[in-house]
Amino acid sequence: MSTISTNYIHGHAAAGLTVPSRRAELQIEVVRKSIHLLIGFVPMVATLIGVPPTLLLLGAGIILYTSAEYLRYTGTRVPLISRITELASRDRDKNHFVLGPVTLGLGAMLALMLYPEPAASIAIYALAFGDGMASLFGKAFGRIKLPLTGGKSLEGSLGCFLAVFIPTYLLVEPQVSLAIVIAAFAAFIEALPTRDFDNIVMPTVTGAFALLVL
């Protein structure tokens, strides 16, 4: 066993945490990123009912989740919401207030408020699909670690690139070169070690870049 693996196990044991298997980590990521994928419906909803009502829905969702998570954190479980939160929680989230869904909703709201179309949709798709596929590809296939990324992998970045390229190309076709540039930039931003702030950084920075190049 490598020194890194040994230190990882010893560190978890000292903290009273279990060491998740690769399969268990992938299962957690599937649940977490399924929630991410739901944000991909936001541009469609905004088209159907308008941006202001969509912002109100996102804000209401954030308030509802925050209330439920506060109750769970203080010992009162909320049916369904608390269970989903626990299923999607990583080791570092244990015994903490889980902020992921809050920053996810805020990231989508910022994209809608800051950018016109199609930059707003590209920003949200980068958040929903790019960040989600990067994690899943990284957990499932990640072998080549990228330097200065906090352990992220080349395979994860390729997954992010593909996940952002496809919807971006559909929005800007036939400008395939622009879709490639935007997807490559999104993959670069996703690879940065932004940790709990990735749901904010990914859509706002990608949206700004998309607005610039478009």
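The values are calculated or read from the model by the stated rules, or taken from the named source; none is laboratory data. Since this is a predicted model, take the numbers as computed values, not measurements. We place every Cβ from the backbone using ideal geometry, glycine too, and count neighbours over all the protein chains shown. Ligands, DNA and RNA are excluded from the accessible area calculation, which covers all protein heavy atoms including side chains. Shrake-Rupley method; radii C 1.70, N 1.55, O 1.52, S 1.80 Å.
Quick look at the numbers
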item	result
Å² per residue, accessible surface of region 77-214 at 1.4 Å	48 Å²
Sulfur and carbon atoms: percent of accessible area, the chain [1.4 Å]	72 percent
Dimensionless Rg over Rh [the chain; C-alpha; Kirkwood]	0.99
Surrounding net charge for Leu154, when Lys and Arg each add one and Asp and Glu each subtract one, Cβ distance under 13 Å	+1
Residue (of Ile124, Pro43, Ala140) at the positive-pole extreme of the chain, dipole from beta-carbon charges	Ala140
10 Å binning of all Cα-Cα separations within region 39-151, expressed as whole percents from 0 upward	12, 35, 33, 19, 1
Inter-site label distance for Leu192 and Glu173 at 7 Å from Cα along Cβ, in nm	3.1 nm
Two-site FRET efficiency, Lys145 against Tyr70, from Cβ-Cβ distance with R₀ of 30 Å, rounded to 0.05	0.25
Accessible-area order (highest first, 1.4 angstrom probe) of the listed residues Leu56, Leu178, Leu87	Leu56, Leu87, Leu178
Gyration tensor over alpha-carbon atoms, region 137-214, equivalent ellipsoid semi-axes in Å	22, 15, 9
